[in-house]
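Participant: Attaching a single structure in structure tokens format; questions to follow.
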Amino acid sequence: MEIERTLHMVGGDGKDSYATNSRLSMKAIMETKPVLCKAIEGVFASLSSPAPAKIVIADLGCSSGPNTLLVVSGVIGMISTSGYPKMMELQFFLNDLPGNDFNYVFRSLQQLADRKEGLLEPPYYIAGLPGSFYTRLFPCQSVHLFHSSYALMWRSKVPEELSSGVHLNKGNIYIGKSTPSHVVKLFQKKFKEDFSLFLTLRQEELVSGGRMVLTFLGRKSSQMLAHGDVGTMWELLAQALQILVQKGHVNEEDLTTFNLPYYAPSVDEVTELIEESGLFDVEHTGVFESSWDPHDDSKSNGDAVADCARSADSIANCSIRAVIKPLITDHFGESIVDELFQVYVPLVAKHLEKGRAMYPVIVVSLKGRLQKLDTPAGSPYSVLFL
Ligand SMILES: C[S@@+](CC[C@H](N)C(=O)[O-])C[C@H]1O[C@@H](n2cnc3c(N)ncnc32)[C@H](O)[C@@H]1O
């Protein structure tokens, strides 16, 4: 599976699209707004004097839909109220993989210009930036603020040993109860490689005092199956695929070779890798729980679900389908998608009889550190801010 081509949310603004079905992640963007606001204050406090004429902000894994604009308008609003230096301009880069519906993003930008905030805003310029955030995206020391929401649980690829068939994760598409421990370690190893690389690349691109606010699905505990329902939703989707195998509508071999390029890390795994890298100071770490049902705004935990069928339909056909359909279509063909989700909904509904399906979300805010470079002794450039 070539992730850079196949991984993207459903484009456009139709019934299945991410634009129509992104309320789940919209809630996380709202929840993490105070953290982003603090990071912006931090960027301004760290600016050299005289202040630069331009601030560069990048949203990594921006997708297409209202959330893309929500992040941009949120940042513009926060900067507008922060007493930004006169004459300052903002440059936004909206990054995602090349398969993202950038045309939709570009078409929707006019809505930003049309909104009336009533505040004096700095001039802003917006550009799309296709490419994987597991590669270098920007010149050295050119970005003041990175933001990324609901994207970093996606891996750069499925672990090679799984995609090549050296090891199998039979009956699963991610880490499930029957996943062998050596396969769990492969997912874990891929996360470590990807996240360490991500930190190194971004630190190279950040200006001195630059900040990075990252929000992604994770686990509260280091126990592998303590995912809340992060893992359960994928286990239930694997069960639905197994039912299609039994019906002869999906080839068993196709199911065996399908694994998600995904890993929801624990808070400890994340903070250990940040510390190990030595590249960032952690300014904030937090975890909050969110319901898989995008229309469930209740804050209390463990409640019974009033209407399991309706809630299951929202989870399956809004939260999961808009995200996973392109990967399913690429691997199994488009013809199975409707039947797969028809089978999936009752499995999710049965699961909801136990209570609301919740998952943990990790948010970290990082500040780039002063780095010592390996340069010849006595060089005037032996200490640089990266
Ligand atoms: C669930 S969407 C989140 C979109 C948006 N940030 C939000 O909060 O609604 C995750 C996005 O991350 C993108 N993504 C995943 N891996 C990526 C990578 N390596 N580089 C760039 N974007 C990536 C996906 O294509 C997808 O559009």
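The values are calculated or read from the model by the stated rules, or taken from the named source; none is laboratory data. Predicted, not measured: the structure shown is a model, and the values here were computed from it. Heads up, the Cβs are rebuilt from the backbone with ideal geometry, glycines too, and the neighbour counts pull from every protein chain shown. For accessibility, only protein heavy atoms count, side chains too; no ligands or nucleic acids. Shrake-Rupley method; radii C 1.70, N 1.55, O 1.52, S 1.80 Å.
Participant: Looking only at residues that are of a type in the set (D, E, K, R), within 16 Å of the ligand (Cβ to nearest atom) and assigned to a loop (DSSP other than H, G, I, E, B) in the range 148-194, which one is least open to solvent (accessible area, probe 1.4 Å)?
Facilitator: Within the range 148-194, the match that is least open to solvent (accessible area, probe 1.4 Å) is Arg155.
Participant: Assuming Ala127 fulfils every condition listed in (1) out of contact with any Gly (no Cβ under 9 Å at 6 or more places or on another chain); (2) in a loop (DSSP other than H, G, I, E, B); (3) open to solvent by less than 60 Å² (accessible area, probe 1.4 Å) apart from one, which condition is it?
Facilitator: Of the numbered conditions (1) out of contact with any Gly (no Cβ under 9 Å at 6 or more places or on another chain); (2) in a loop (DSSP other than H, G, I, E, B); (3) open to solvent by less than 60 Å² (accessible area, probe 1.4 Å), the odd one out for Ala127 is (2).
Participant: Ok, one more. Would you point out which residue out of Asn67, Asn100 is in contact with a Gly (Cβ under 8 Å, 6 or more places away or on another chain), within 9 Å of the ligand (Cβ to nearest atom) and over 21 Å from Ser208 (Cβ atoms)?
Facilitator: Asn100
Participant: Another one. Quick check on this structure: which one of Val43, Val71 is in contact (Cβ under 8 Å) with a residue 24 or more places away in the chain, under 30 Å from Ser319 (Cβ atoms) and not in a loop (DSSP other than H, G, I, E, B)?
Facilitator: One residue alone meets the criteria, Val71.
Participant: Still on this structure, please answer the following. Answer yes or no as to whether Thr135 is part of a loop (DSSP other than H, G, I, E, B) and among the β-branched types (Val, Ile, Thr).
Facilitator: yes
Participant: The conditions are (1) more than 12 Å from the ligand (Cβ to nearest atom); (2) under 22 Å from Phe133 (Cα atoms), and Ile79 fails exactly one of them. Which is it?
Facilitator: Exception for Ile79: condition (2).
Participant: So which helices (runs of 4 or more DSSP H) stay within the range 226-336 end to end and still have 3 or more residues that are without any contact (Cβ under 8 Å) to a residue 60 or more places away in the chain?
Facilitator: 229-246, 267-277, 308-314
Participant: Then there's this: Among the residues of the range 211-222, is there at least one that is out of contact with any helix residue (DSSP H, G or I) (no Cβ under 7 Å at 6 or more places or on another chain), modelled with pLDDT under 90, over 27 Å from Val282 (Cβ atoms) and surrounded by fewer than 21 Cβ atoms within 10 Å (Cβ to Cβ)?
Facilitator: no
Participant: Which condition number does Ser178 fail, the rest of (1) at pLDDT 95 or above; (2) over 20 Å from the mean Cα position of the chain (by Cα) being met?
Facilitator: Result: Ser178 passes all but (1).
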